[in-house]
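Each reported figure results from applying straightforward, stated rules to the coordinates on display, with no laboratory input. What you are looking at is a predicted structure, and each value in this text was computed from that prediction instead of being measured. Heads up, the Cβs are rebuilt from the backbone with ideal geometry, glycines too, and the neighbour counts pull from every protein chain shown.
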Amino acid sequence: FNGCSGLTSVTIPDSVTSIEVFAFSDCTNLKNINLPNGLSTISGGTFKNCRKLSSIVIPEDVTIIGDFAFEGCRRLTNVMFPEILIKIGSGAFTGCNTFTNVIIPKTVNYIGPSAFSWCEKLTSIEVTKGNTEYVSMGGVLFNSTKTLLVQFPAGKSDHYTIPDSVTSIGVRAFLGCSGLTSVTI
């Protein structure tokens, strides 16, 4: 269905367990999609540039959200991640301009570079207690030892002081942070 710009609504049966790469990419008028309960994987680019998609319920069995799966879904306001999610791919939610807050479940053990970059209204990335790979401090995403700054929310503004424990800054960690005026390293 890649590029089917006239497509506005989709219902997928529960027998579907995986949606493959770019399946609904560039369906620019897609507003509603009902994902099946048995879905375990949302592959890379699946909903890329579905600009009118404003909400989506990710089923409880999804463990992987692929690279750039929801990139450019500018109206996507909120996503609730299932408690068994283990991977959020690179750029998975890049350009989701209306996100304000993201909560990462304790089961996530991989978040790719720039997973939440260019999310202009995102001011906080929180991590559920018990996650062994990631932690949040002041709404900023770090690895569990706070030696790697993974992602700075693009909607945060003013000045930011990187904690002394940080020895590395992740790829594109500050991408799209137009309100950030200064950083102390």
* Output the relative contact order of region 46-185, whole-number percent, from Cα pairs under 8 angstrom with separation of 6+ residues. => 17 percent
* Asked: Taking Rh as the Kirkwood radius, which is the inverse of the mean 1/r over Cα pairs, what is the Rg/Rh value for region 11-71?
  -> 0.93
* What are the ³J(HN,Hα) values, in whole Hz, obtained from phi via the Karplus relation 6.51 cos²θ - 1.76 cosθ + 1.60 with θ = phi - 60°, for each residue of region 64-73 in sequence order, with x given for Gly and Pro? -> 9, 10, x, 4, 6, 4, 10, 4, x, 7
* Asked: About its Cα centre, what dipole magnitude does region 7-136 give when the only charges are +1 on Lys and Arg Cβ and -1 on Asp and Glu Cβ, stated in debye to the nearest 20?
  -> 420 debye
* Structure fact -> Taking the alpha-carbon centre of each part, the distance from region 114-156 to region 40-100 in Å is 16 Å
* Asked: Long-range amide H contacts for Asn78: which residues qualify at under 5 Å (H placed 1.01 Å from N, peptide plane, sequence gap of 5 or more or a different chain)?
  -> Ile56
* In sequence order, what are the phi-derived ³J(HN,Hα) couplings for region 77-92 according to the Karplus relation 6.51 cos²θ - 1.76 cosθ + 1.60 with θ = phi - 60°, rounded to whole Hz, with x for glycine and proline? -> 8, 7, 10, 9, 8, x, 6, 10, 4, 10, 9, 10, x, 4, x, 3
* Gyration tensor (Cα) of region 117-185, equivalent ellipsoid semi-axes in angstrom -> 19, 14, 10
* Cα gyration tensor, region 72-155 - rounded (a/c under 1.5), prolate or oblate -> prolate
* Asked: When the convex hull of the C-alpha atoms of region 38-77 is computed, what volume per residue in Å³ does it have?
  -> 59 Å³
* Amide H contacts of Val183 (H built 1.01 Å from N, under 5 Å, at least 5 apart or other chain) -> Tyr160
* To do: Would you kindly derive the ³J(HN,Hα) couplings of region 172-185 from the backbone phi angles with the Karplus curve 6.51 cos²θ - 1.76 cosθ + 1.60 (θ = phi - 60°), listing them in order in whole Hz, with x for Gly and Pro?
  => 6, 4, 10, 4, x, 7, 6, x, 6, 9, 7, 9, 9, 9
* **Prolate/oblate/rounded call for region 52-96, Cα gyration tensor, a/c under 1.5 rounded** => oblate
* In a solvent-free Debye calculation with one equal scatterer on each Cα, what is log10 I(q)/I(0) for the chain at q = 0.09, 0.16, 0.18, 0.20 Å⁻¹, listed in the order of the q values? -> -0.31, -0.92, -1.13, -1.34
* Quick one: which residues, 5+ away or cross-chain, put their amide H under 5 Å from the amide H of Tyr134? H built at 1.01 Å from N. => Ser144
* Among the DSSP beta bridges whose two residues both lie in the chain, what percent are antiparallel, rounded to the nearest 5? -> 20 percent
